[in-house]
Amino acid sequence: MVVSVWWGHLKLKVVKLLPLVFPLAFFVLSHFLSDLISTTTPSLFHRYSLSTLEFQLSTPKSAKRPLPPSSLVMNAREPKFVRFEDWKSESSFSIEREDSVTDGNHKRRPSVTAVLKSIGRRLENGSEKMKNLRRASAVHPVSDGQKKLPPRKKILDPQGPILQKWNKIFVITCVMAVSVDPLFFYIPVIREKEKCLDLDGALQITASVLRTFFDLFYILRIIFQFKTGFIAPPSRVFGRGELIDDPVAIVKRYLTSHFIVDILSIIPLPQVIVLAINPNLKTSDPFVAKDLLKYSVLIQYVPRLWRIYPLFKEVTRTSGILTETAWAGAAFNLFLYMLASHIVGANWYMLSIESELRCWRRELKKASLFRQKYMSCTERDPHVLPTLNRTCSLVDPENIKDTNTFNFGIFFDALDSGVVQSTTDFPQKFFYCFWWGLRNLSSLGQNLKTSTYVSEIAFAIFIAIFGLVLFSLLIGNMQKYLQSTTVREEEMRVKRQDAEQWMSHRMLPDNLKERIRRYEQYQWQENRGVEEETLIRNLPKDLRRDIKRHLCLALVKKVPMFEKMDEQLLDAMCDRLKPVLYTEKSHIVREGDPVDEMLFIMRGKVSTMTTNGGRTGFFNALLLQAGDFCGEELLTWALDPNSSSNLPISTRTVETISEVEAFALMADDLKFVASQFRRLHSKQLQHAFRFYSSQWKTWAACFIQAAWRRYWKRKTERSLREAEDQLQDAFANEDGSSLSLGATIYASRFAANALRNLRENSRHNRMQQRLLPLLPPKPAEPDFTAQKH
């Protein structure tokens, strides 16, 4: 009991407050328009006070006779000041003075008509003042020193990110607003026991509050339109076009385009009918309120739907898309289809009630008892209820045999299920009608069995055509959005199928087929089918540099050769680097082939080997990992300003041990970097290049081996000379006639050592003669001494 009393008080308060919401909104909008008109006129004001507005002209200060605006045009040379009449007394907007109606000692609330009249008077006064100011400015031009324009208000860019976000919000709120309007069709209900028409009071308040809430977004949209610039059509021939930010041009363009439609969209006709007209007509005739409600919603539905499409086109034109993801786009299209089902279900509910009322009217006219007030729940005739119970009983259209029995046609399900009755909860009737609309839109109305009533047949035809169009659009859009999520996978599948057919047609061996499959698989795992080079190539230069810097800089700095380079040179290197992928057991370059790229390894392992031109007995192999590089012959060629166009020849064979991800610097790109940035010619780079170059490492190892052999040979020769000197000294110290035992032993040892050394030297000389020609030549020195230019 307490809850019902509280709910009754709440409804009374809401009913009293809601009629003031839209007059207040119109009041705010009128103030905004007036301020906009005042700011768009040329500023001729020199001094401003609360009671007067006056502007100073270029005449001498002695003339100070004030004149009204009408005399300003006729007598242009005499006055210095033109004093307007009191602004407050002429055009101040007072609700109490103009819009309130006094009835004795009590004041009534301002009506909608009074508010609209006051808005019209205010706009007329503003336009007259604007015309007077323009005439005055045409007769008395103000000097540049005295002309002070007010600060122009901020104009929104229609292609800016802020307005794009708001436009998406407006699209969603417009769609939600048109989904709220059909709720007014559920307000009429049937009291089955009394056989009368009634109105759902709780639903009236709920629908009015929801519609008022979404109409506030319409008003906000109108305000945004007065502050949004536009692109001049003649300037669209190049680029984005020229933004027009003149407030006068913006207002003129909007007032002549969509302003009338927007105003018609936010007129609160259903709220006024529900909260202002219905309380007065409920005791006499609810049929008038029902018809007004139906026609007002249907008439306003046209401008409210009309504004969604231009707003949707504006969003897609500025940002390209409405939803960021494909699933969101599919869900949005599915929601539009659900919205159409909701609209059809609400109309079916309203037409079902009218079908039963039509039956009542026909039977009461036959019985000569028809009075329209008898069908309301306020005034009843005792003979009406028995007559209606006897003649307007529900009969399945398939079981009708008597032609006098009323055929409810496609509305039989609504009446038989009881969804139109006042005792049915709103969620039950809403979801039942929604399901009926969704089912018949999806089936194109094939199961509808109509009566001979023309309006019913027209409604069934509308469902069939509307369902066909919507279902086709839904299937097409859903297919488009859902296919966009798997377009890369489909392209990869077709590409693999083409590769398999080509390999089978060319009869490639199985091992080669497997390598091709592995490469395609690795490439898919790396970039998911996105052509990175094509994507990056179409971007501006600064974006390409930043993207390459983000992707490559950290990895390039891992190469020790690039640690000492400055940022500008690293940016140039990153801009020219290209990511490459090699599968296992792939030959990057073979010994003797031209070197067309310098490779910097990021991940994986690479084996590099050389046979010094294929000579017998020479083999050298190195293991390269992340941070190493190969193809250094190309750097020597690029740093040489006198190098020919012929690419250098590789001295090593480079083969991958595992999957390798690397950055490749092509010959032309390296030549460009070397020619543009002569800071490459530095001693630090020379030392780093020699230290990490596999070619220099191989040559250094062979050179050390040769130096060691020369050192060992010199050491052996020196020891032999020392032993020979000791023997000569021993012979000199002994008597010439007889040798001592010690000298004899020493001589025998010397002879044995000399013979052994002679044999070893002969064998070593033969090996050295065979190995010395196999020593690889010294790598060419890069021209690190080139002058800067």
Legend entry - Of all residues making up the range 421-445, the number that are touching a residue at least 12 places away in the same chain (Cβ under 8 Å) and either among the hydrophobic types (A, V, I, L, M, F, W, C) or in contact with a Ser or Thr (Cβ under 8 Å, 6 or more places away or on another chain) (or both): 11
Inset, instruction - Kindly indicate whether any position in the range 453-468 is without any contact (Cβ under 8 Å) to a residue 60 or more places away in the chain, of a type outside the set (G, A, S), surrounded by 12 or more Cβ atoms within 10 Å (Cβ to Cβ) and in contact with a Pro (Cβ under 6 Å, 6 or more places away or on another chain). - result: no
Legend entry - Failed item in (1) surrounded by 11 or more Cβ atoms within 10 Å (Cβ to Cβ); (2) assigned to a helix (DSSP H, G or I), with N511 passing the rest: (1)
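Just to be sure before I move on: is L448 of a type outside the set (K, R), in a loop (DSSP other than H, G, I, E, B) and in contact (Cβ under 8 Å) with a residue 12 or more places away in the chain in the structure I sent?
Yes, satisfied.
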Inset, instruction - Quick one: T212 ticks every box in (1) modelled with pLDDT of 85 or more; (2) out of contact with any Pro (no Cβ under 8 Å at 6 or more places or on another chain) except a single one, so which number is it? - result: (2)
Legend entry - Positions within the range 397-433 being part of a loop (DSSP other than H, G, I, E, B) and surrounded by 12 or more Cβ atoms within 10 Å (Cβ to Cβ), in sequence order: I400, T405, F406, N407, F408, G418, V419, V420, S422, T424
Legend entry - Residue in the range 282-294 that is modelled with the highest pLDDT, counting only those that are more than 17 Å from L203 (Cβ to Cβ) and not acidic (D, E): V288
Inset, instruction - Could you run through the range 300-318 and say how many residues are modelled with pLDDT of 70 or more, in a helix (DSSP H, G or I) and touching a helix residue (DSSP H, G or I) at 6+ places or on another chain (Cβ under 8 Å)? - result: 11
Inset, instruction - Could you tell me whether the range 192-203 includes any residue that is modelled with pLDDT of 85 or more and not assigned by TED's automatic domain parsing to the domain that holds E354? - result: yes
Inset, instruction - Would you point out the residue of the range 473-508, among those that are surrounded by 11 or more Cβ atoms within 10 Å (Cβ to Cβ) and of a type in the set (G, A, S), that is nearest to L339 (Cα to Cα)? - result: G476
Legend entry - Among residues of the range 701-716, those that are surrounded by fewer than 13 Cβ atoms within 10 Å (Cβ to Cβ) and of a type in the set (S, T, Y), counted: 1
Inset, instruction - Within the range 659-700, count every residue that is modelled with pLDDT of 75 or more and loosely packed, with under 13 Cβ neighbours inside 10 Å. - result: 1
Legend entry - Residue tally, condition of a type in the set (S, T, N, Q) and touching a Ser or Thr at 6+ places or on another chain (Cβ under 8 Å), over the range 405-420: 1
Inset, instruction - Pick out the one residue from E500, E456 that is under 40 Å from the mean Cα position of the chain (by Cα) and of a type in the set (D, E). - result: E500
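The values are calculated or read from the model by the stated rules, or taken from the named source; none is laboratory data. Quick caveat: nothing in here was measured; it's all calculated off a predicted structure. Because the Cβ atoms are built from the backbone with ideal geometry, glycine has one as well, and the counts that use them run over all protein chains shown.
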